Amino acid sequence: MVSAVFHSPLPVRAEPVRTEPLTVRAEPVEAVASPSTASGRAERVTFDWRTLWLRVLPPVFGLGLLVGLWAMVSMMSGSSFPSPLETFKQAVEVFSDPFYRKGPNDQGIGWNVLMSLQRVAIGFGMAAAVGIPLGFMIGRFTFLSRMFNPLISLLRPVSPLAWLPIGLMVFKGANPAAIWTIFICSIWPMIINTAVGVQRVPSDYLNVARVLNLSEWKIVTKILFPAVLPYMLTGVRLAVGTAWLVIVAAEMLTGGVGIGFWVWDEWNNLNVNNIVIAIFVIGMVGLVLEFALIKLATAFTFEEVRV
């Protein structure tokens with residue numbers, strides 16, 4: 001008979017395991033730029049010729065076309081019309097001392113421009129003080145709209161110079177007559193644009209104001225004014241352009257100191273070079289006024305105001 005004998009397992013001694021610190025050597029890795037990053041850098045370095053073509057070159061070509069036509073007219077007319085080079089030399093001489101004074105009617109072009117801008121500022125300021133509140137009332141109340149619409153339609157198309165004799169007769173002076181002409185001609189764009197802006201305010205805004213029982217002052221300041229501001233600034237831009245256009249014609253007839261009188265005086269002296277210089281000065285001042293009002297409009301409205 002065979003007997004099975006089960007032996008107990010022999011005890012195994014646990015040998016201590018030595019744990020050595022594992023050191024990992026950091027091998028230098030070369031940074032490999034991804035294709036997208038490389039293409040992005042290439043795009044940044046590449047010059048944007050499309051922007052140059054669309055924004056810079058067209059104005060340059062336009063000025064070049066103007067100078068070219070000017071030179072052709074000068075060559076065809078002989079010596080009666082100055083060339084661009086002659087006008088440039090005369091402009092350097094004129095702007096070398098723009099603020100000289102040799103008498104009440106003999107002053108530099110700088111003083112003439114400043115005097116014209118002063119008249120424009122006074123007449124335009126008076127027109128804004130009257131025209132903008134009147135436009136709010138015409139747009140807000142139907143009775144006033146029906147009352148003033150025939151008057152505006154009747155008086156707005158009248159030529160600016162037609163108002164000048166009335167100003168001379170009433171105010172007995174050339175300077176207030178010129179300011180009156182600026183006032184009466186620049187008030188219409190502000191009245192019309194402000195009134196149209198008020199009439200285009202959504203009716204839901206006014207219904208909420210009625211529900212909240214807001215006063216008329218709060219309706220104007222909290223609801224109408226923010227909504228009408230883009231229209232109002234458009235009217236201001238048109239009015240400034242009209243005022244600067246009118247003052248030149250008014251000063252030609254009234255005399256005194258001003259860019260319009262300077263043009264007329266140079267014509268009496270047969271100095272065509274200075275007349276051409278004055279034309280460019282008038283255009284540059286109008287461009288600066290327009291640009292300043294565009295910046296003002298974009299600062300106070302959320303809409304992009306374009307020329």
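The values are calculated or read from the model by the stated rules, or taken from the named source; none is laboratory data. Here the structure is a predicted model, which is why all the values come from computation and not from measurement. No Cβ is skipped: glycine too gets one built from the backbone with ideal geometry, and neighbour counts run over all protein chains shown.
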Quiz item: What pairs come up if the first residue lies in region 283-294 and is closer than 12 Å to L233 by Cβ, the second is of a type outside the set (A, V, I, L, M), and their beta carbons are under 6 Å apart, counting only those six or more places apart or on different chains?
Solution: L293/R237
Practice problem: Please work out if V56 is at pLDDT below 80, farther than 30 Å from L270 by Cα and part of a helix (DSSP H, G or I). | Solution: yes
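Do the conditions hold for A297, that is, is it assigned to a helix (DSSP H, G or I) and either modelled with pLDDT of 85 or more or of a type in the set (D, E) (or both)?
Values: assigned to a helix (DSSP H, G or I): yes; either modelled with pLDDT of 85 or more or of a type in the set (D, E) (or both): no.
In short, no.
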Quiz item: With (1) of a type outside the set (S, T, N, Q); (2) surrounded by 14 or more Cβ atoms within 10 Å (Cβ to Cβ); (3) assigned to a helix (DSSP H, G or I); (4) not assigned by TED's automatic domain parsing to the domain that holds G286 as the list, and L85 as the residue in question, which single condition is left unmet?
Solution: (2)
Self-check item: Pairs where the first residue, in region 139-151, is on the phi > 0 side of the Ramachandran plot and the second is at pLDDT below 90, C-beta under 7 Å, 6+ apart
Solution: none
Quiz item: Going by the structure shown, is V92 under 23 Å from the mean Cα position of the chain (by Cα) and part of a helix (DSSP H, G or I)?
Solution: no
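Among the candidates I166, I179, single out the residue that is more than 14 Å from M232 (Cβ to Cβ), touching a Gly at 6+ places or on another chain (Cβ under 6 Å) and in the same structural domain as L233 (by TED's automatic domain parsing). Show your work before the answer.
Working: I166 fails: touching a Gly at 6+ places or on another chain (Cβ under 6 Å).
After applying the criteria, what remains is I179.
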Exercise. With the condition kept exactly as written, say whether any residue in region 203-215 is surrounded by 15 or more Cβ atoms within 10 Å (Cβ to Cβ) and closer than 19 Å to A129 by Cβ.
Key: no
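Against the condition in a helix (DSSP H, G or I), within 23 Å of P98 (Cα to Cα) and hydrophobic (A, V, I, L, M, F, W, C), how does A250 come out, does it pass? Lay out the reasoning, then the answer.
Details: in a helix (DSSP H, G or I): yes; within 23 Å of P98 (Cα to Cα): yes; hydrophobic (A, V, I, L, M, F, W, C): yes.
It is true that A250 is in a helix (DSSP H, G or I), within 23 Å of P98 (Cα to Cα) and hydrophobic (A, V, I, L, M, F, W, C).
So, in region 167-196, exactly how many residues are without any contact (Cβ under 8 Å) to a residue 60 or more places away in the chain, more than 18 Å from L151 (Cβ to Cβ) and in a helix (DSSP H, G or I)?
Of the residues in region 167-196, the ones without any contact (Cβ under 8 Å) to a residue 60 or more places away in the chain are 167, 169-173, 176, 180, 184, 188-189, 192-193, 196.
From the residues that got through so far, the ones that are more than 18 Å from L151 (Cβ to Cβ) too are 167, 169-173, 176.
In the following step, the residues that additionally are in a helix (DSSP H, G or I) were identified as 167, 169-171, 176.
Adding up the residues that qualify gives 5.
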Quiz item: When you go through A299, A239 one by one, which is the residue that is free of Cβ contacts under 8 Å to residues at least 12 places away in the same chain and either over 20 Å from G125 (Cα atoms) or not assigned by TED's automatic domain parsing to the domain that holds V67 (or both)?
Solution: A299
